[in-house]
Amino acid sequence: MIRNKKLYIHIFLAFIFITVALFIALYVIFFKPNVHLPSQKKYIYIYIPTGSSFDQMMDTLVANDILINKQTFLLAARAKRFQRPRPGRYKIMPGFDNNHLINILRAGLQSPVMLTFNNIRTKEQLAGRISHYLEADSLSILQLLNDDNYLKQFGFNSQDALAMFIPNTYQFFWNTDADGFIRRMYREYRKFWTSDRLQKAQDIGLTPKQVIILASIVQAEQMKYPDERPRIAGLYINRLRRGIPLQSDPTLIYAWKDFSIRRVYNYHKNIDSPYNTYKYKGLPPGPILTPDITSIDAVLNYEHHDYLYMVARADLSGYHHFSRTLSEHNYYARQYQRALNRLGIR
């Protein structure tokens with residue numbers, strides 16, 4: 001009896017030992033903090049590209065020096081049958097255990113990016129800017145922006161495609177591709193054009209795209225002081241309604257694709273381009289930049305007046321003189337030209 005009793009005690013103690021050892025092992029493998037960050041950082045982001053394998057994900061974790069113990073992570077991954085990560089941008093914080101890290105990578109619990117753009121002049125510039133925020137590369141975005149067959153499903157073409165993009169700050173998942181980005185922007189475009197804005201555009205006699213094209217010219221004319229934009233919009237609407245060419249210098253600069261031009265000369269006006277609003281009446285075929293919301297609303301709520309001409313003030317403050325007659329306009333234009341000459345602006 002005594003021998004049996006001792007045997008039971010030994011078996012019980014062995015069971016306790018094995019159980020404790022098992023719990024310790026499970027804790028170490030799954031729940032012991034296994035993430036540290038260099039240089040006392042509070043967090044870092046890692047990026048898992050679309051199509052990444054488990055080994056490629058491990059290369060990313062190792063390259064960022066995240067794991068305290070690589071082997072316990074591999075054991076946890078094997079036990080949880082974690083074989084392929086979801087693509088995305090993940091916020092990694094010190095103190096994460098293997099279980100938590102595996103769960104976010106397997107479930108795709110990524111951190112979104114805040115994408116901001118404004119005052120974009122060309123499709124190439126837009127594609128380049130977006131590729132800094134998203135996995136989509138600039139070439140894939142640009143190819144779609146130049147594809148008329150693709151764009152026609154949204155009611156746009158390769159010339160007016162920039163009118164689809166309303167400058168703002170948007171939340172995206174990093175692994176959004178080029179098609180996903182454009183479709184999201186089209187949904188934002190549709191949301192922007194509320195019934196109130198659509199009615200105002202109709203009252204002016206312009207389509208939403210034409211409003212944005214005009215807004216782009218208005219903003220290019222007045223980059224510094226948004227309070228002047230409704231007056232400029234009213235001037236161009238007066239010209240459109242009277243069949244007078246817009247004669248906007250920023251459209252010439254766009255036609256030349258030389259945004260370093262500081263002063264427009266007569267030879268600039270000879271370029272044969274649909275964006276030459278000295279040569280061709282009406283609006284150009286597309287926006288000359290992506291106008292912000294204040295510029296679009298400046299067109300929709302334009303100032304009613306009789307002005308047909310404008311020129312920058314000679315004090316170079318950024319404001320303009322507005323005129324009803326050509327003779328008055330020429331008087332202010334000569335003042336402005338003399339100011340440029342004094343400053344040696346060529």
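The values are calculated or read from the model by the stated rules, or taken from the named source; none is laboratory data. None of these values were measured; they are calculated from a predicted model. Virtual Cβ from ideal backbone geometry, glycine too; neighbours counted across all protein chains shown.
Values as computed for the structure displayed
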quantity	calculated
Output for region 266-311, where each listed residue is hydroxyl-bearing (Ser, Thr, Tyr) and at pLDDT 95 or above	273, 275, 277, 278, 280, 290, 294, 295, 302, 307, 309
Lone qualifier among 288, 244 - being more than 21 Å from residue 118 (Cβ to Cβ) and among the β-branched types (Val, Ile, Thr)	244
Residue, farthest from residue 218 (Cα to Cα), within region 94-149, restricted to residues that are buried (at least 16 other Cβ atoms within 10 Å of the Cβ) and of a type in the set (Asp, Glu)	97
Some residue of region 141-160 being touching a strand residue (DSSP E or B) at 6+ places or on another chain (Cβ under 8 Å) and not basic (Lys, Arg)	no
Any hit, region 109-123, residues being assigned to a helix (DSSP H, G or I) and out of contact with any strand residue (DSSP E or B) (no Cβ under 8 Å at 6 or more places or on another chain)	yes
Count of residues meeting criterion [aromatic (Phe, Trp, Tyr) and in contact with a helix residue (DSSP H, G or I) (Cβ under 8 Å, 6 or more places away or on another chain)] in region 256-283	4
Selected residue (criterion: farthest from residue 61 (Cα to Cα)) from residues of region 105-129 that are free of Cβ contacts under 8 Å to residues at least 60 places away in the same chain and touching a Phe, Trp or Tyr at 6+ places or on another chain (Cβ under 6 Å)	129
Test: residue in region 294-302 that is surrounded by 15 or more Cβ atoms within 10 Å (Cβ to Cβ), not aliphatic (A, V, I, L, M) and not in a helix (DSSP H, G or I)	yes
Flag if residue 306 is under 31 Å from the mean Cα position of the chain (by Cα) and charged (D, E, K, R)	no
Enumerated helices (runs of 4 or more DSSP H) restricted to region 176-265, each holding at least 2 residues that are at pLDDT 95 or above and surrounded by fewer than 13 Cβ atoms within 10 Å (Cβ to Cβ)	178-192, 195-204, 229-242
Criterion (at pLDDT below 95 and over 29 Å from residue 172 (Cα atoms)) met by exactly one of 66, 16	16
Residue match in region 276-285 (condition: free of Cβ contacts under 8 Å to residues at least 24 places away in the same chain and surrounded by 14 or more Cβ atoms within 10 Å (Cβ to Cβ))	no
Subset of region 36-54 (residues that are surrounded by 11 or more Cβ atoms within 10 Å (Cβ to Cβ) and among the basic types (Lys, Arg))	41
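Residues are listed down the side, and each one gets a yes or a no for (1) of a type outside the set (Phe, Trp, Tyr); (2) assigned to a loop (DSSP other than H, G, I, E, B); (3) surrounded by fewer than 18 Cβ atoms within 10 Å (Cβ to Cβ):
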position: 56; (1), (2), (3): yes, no, yes
position: 59; (1), (2), (3): yes, no, yes
position: 65; (1), (2), (3): yes, yes, yes
position: 71; (1), (2), (3): yes, no, yes
position: 78; (1), (2), (3): yes, no, yes
position: 86; (1), (2), (3): yes, yes, yes
position: 89; (1), (2), (3): yes, no, no
